Amino acid sequence: MKIIRGIHNLKRINSSSVVTIGNFDGIHLGHQKLFSNTYEIGKKYQIKTIIILFEPQPLEFLKKQEAPVRITTFREKIKRILSYNFDKILCIKFNKSFSSLDPKDFIINILINKLRIKFIVVGNDFRFGCQRHGNIDLLKTLGKKHQFQIVQIKPLYINNIKVSSTNIRKFLFQNDIKHASLLLGRLFSIYGKVVHGSAIGRTIGYPTANILLNKNFLLSNGVYAVRVRCFSNRDFIGISNIGVKPSFINTQKNRFLETYLLDIKINLYRENIEIFIYKKIRNERFFSSKNELKNQISKDIEIVKKYFKNDKN
């Protein structure tokens with residue numbers, strides 16, 4: 001798979017293509033349905049399969065601080081898309097120039113002239129272009145003229161809940177990991193590189209692997225039962241704290257995910273790891289001493305061990 005960063009790096013491809021376009025935040029079951037249809041069409045007609053996404057996501061550029069919080073980072077999004085073995089990912093930089101582009105010009109100049117589309121796979125509510133004036137009707141009009149087909153994918157519902165990034169965010173804000181994971185089609189997880197922390201955990205016998213989080217990270221501060229995947233897909237049970245370390249000095253109030261692995265000691269510094277979050281154990285709280293914190297961690301660990309012993313995950 002080739003990743004093309006920016007329209008300026010896009011050259012006219014030498015064969016027809018099937019394209020799907022979107023933010024794909026979360027890569028949830030609805031996105032996966034789009035991907036599967038795109039892949040199958042490409043395979044059936046022996047044409048190129050292409051995913052188009054935007055960075056930053058349009059609302060992040062247009063609404064700045066008021067934009068929805070991401071479910072997945074850009075790196076995590078690309079990591080998941082790569083597993084689908086598409087021919088190309090076109091990552092378009094969403095800026096002032098692109099945001100003012102007429103949707104008709106985008107279709108003709110990019111999709112038709114550069115990507116030579118024969119099929120475009122989109123959801124029923126797909127909108128695009130300047131002020132979102134582009135829609136399914138415009139695609140159908142231009143499709144007839146330029147001989148490409150529109151494949152519309154109906155919204156997906158699970159237990160009468162629409163599969164959408166909006167609903168997943170809502171569940172995560174509520175710490176309802178079970179329902180968020182149901183719509184994702186996998187357990188909610190965090191992927192990142194382990195960085196240096198304050199080493200406080202090490203001084204009390206509970207060394208942690210630390211990942212720096214976005215300050216607007218969806219889950220609330222607290223302690224969670226987790227599994228950690230690292231070193232070529234090896235999994236370990238662990239306990240994670242999400243928060244700002246209220247018991248100790250943290251002048252920048254950075255949010256970290258600090259994870260202690262149960263029953264094994266390995267150095268994860270600088271490793272890229274994935275942390276699967278199962279259940280919240282308690283809220284983050286202030287401790288007046290390291291001893292008090294140490295005692296609470298010991299209790300938390302017993303709760304996590306009991307959870308995984310009784311749970312069939």
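The values are calculated or read from the model by the stated rules, or taken from the named source; none is laboratory data. Predicted model, so just to flag it, every value in this text is computed and none were measured. Here Cβ is always computed from backbone atoms with ideal geometry, including for glycine, and neighbour counts include all displayed protein chains.
At a glance:
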{"read-out": "Evaluation of F54 against (1) surrounded by fewer than 19 Cβ atoms within 10 Å (Cβ to Cβ); (2) under 16 Å from the mean Cα position of the chain (by Cα) (one fails), failing number", "value": "(1)"}
{"read-out": "Where K253 falls short, out of the listed (1) out of contact with any Asp or Glu (no Cβ under 7 Å at 6 or more places or on another chain); (2) among the basic types (K, R); (3) in a strand (DSSP E or B)", "value": "(3)"}
{"read-out": "Residues within region 195-209 that are aliphatic (A, V, I, L, M) and surrounded by 20 or more Cβ atoms within 10 Å (Cβ to Cβ), tallied", "value": "1"}
{"read-out": "Residue in region 212-225 that is in contact with a Leu (Cβ under 6 Å, 6 or more places away or on another chain), crowded, with 21+ Cβ neighbours inside 10 Å and under 17 Å from K193 (Cα atoms) present", "value": "no"}
{"read-out": "Cβ-Cβ under 8 Å pairs, at least 6 apart or on other chains, region 138-155 side in contact (Cβ under 8 Å) with a residue 24 or more places away in the chain, far side assigned to a loop (DSSP other than H, G, I, E, B) and charged (D, E, K, R)", "value": "P155/D125"}
{"read-out": "Flag for H196 being farther than 18 Å from R80 by Cα, in contact with a helix residue (DSSP H, G or I) (Cβ under 6 Å, 6 or more places away or on another chain) and either without any contact (Cβ under 8 Å) to a residue 40 or more places away in the chain or not aromatic (F, W, Y) (or both)", "value": "no"}
{"read-out": "Of the criteria (1) among the β-branched types (V, I, T); (2) assigned to a loop (DSSP other than H, G, I, E, B); (3) surrounded by 11 or more Cβ atoms within 10 Å (Cβ to Cβ), which one I297 fails", "value": "(2)"}
{"read-out": "Residue check for T259: within 24 Å of E292 (Cβ to Cβ) and exposed (fewer than 15 other Cβ atoms within 10 Å of the Cβ)", "value": "no"}
{"read-out": "Candidate set from region 1-20 (those that are among the hydrophobic types (A, V, I, L, M, F, W, C), modelled with pLDDT of 95 or more and touching a Phe, Trp or Tyr at 6+ places or on another chain (Cβ under 9 Å)); member that is farthest from P58 (Cα to Cα)", "value": "V18"}
{"read-out": "Answer from K193, K178 - the residue that is within 16 Å of the chain's Cα centre (by Cα) and charged (D, E, K, R)", "value": "K193"}
{"read-out": "Unique match (being of a type in the set (G, A, S), in contact (Cβ under 8 Å) with a residue 12 or more places away in the chain and out of contact with any helix residue (DSSP H, G or I) (no Cβ under 6 Å at 6 or more places or on another chain)) among G129, G123, G134", "value": "G123"}
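Rundown of residues vs (1) over 28 Å from E66 (Cα atoms); (2) of a type in the set (K, R); (3) in contact (Cβ under 8 Å) with a residue 40 or more places away in the chain, yes/no style:
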position: R202; (1), (2), (3): yes, yes, no
position: G205; (1), (2), (3): yes, no, yes
position: L219; (1), (2), (3): no, no, yes
position: F236; (1), (2), (3): yes, no, no
position: K253; (1), (2), (3): no, yes, no
position: N267; (1), (2), (3): yes, no, no
position: E271; (1), (2), (3): yes, no, yes
position: S289; (1), (2), (3): yes, no, no
position: I297; (1), (2), (3): yes, no, yes
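Yes/no per residue for (1) out of contact with any His (no Cβ under 8 Å at 6 or more places or on another chain); (2) under 26 Å from N14 (Cβ atoms); (3) surrounded by 14 or more Cβ atoms within 10 Å (Cβ to Cβ):
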site: K88; (1), (2), (3): yes, yes, yes
site: F94; (1), (2), (3): yes, no, yes
site: L101; (1), (2), (3): yes, yes, yes
site: K104; (1), (2), (3): yes, yes, yes
site: I108; (1), (2), (3): no, yes, yes
site: K114; (1), (2), (3): yes, yes, yes
site: F119; (1), (2), (3): yes, yes, yes
site: D125; (1), (2), (3): yes, no, no
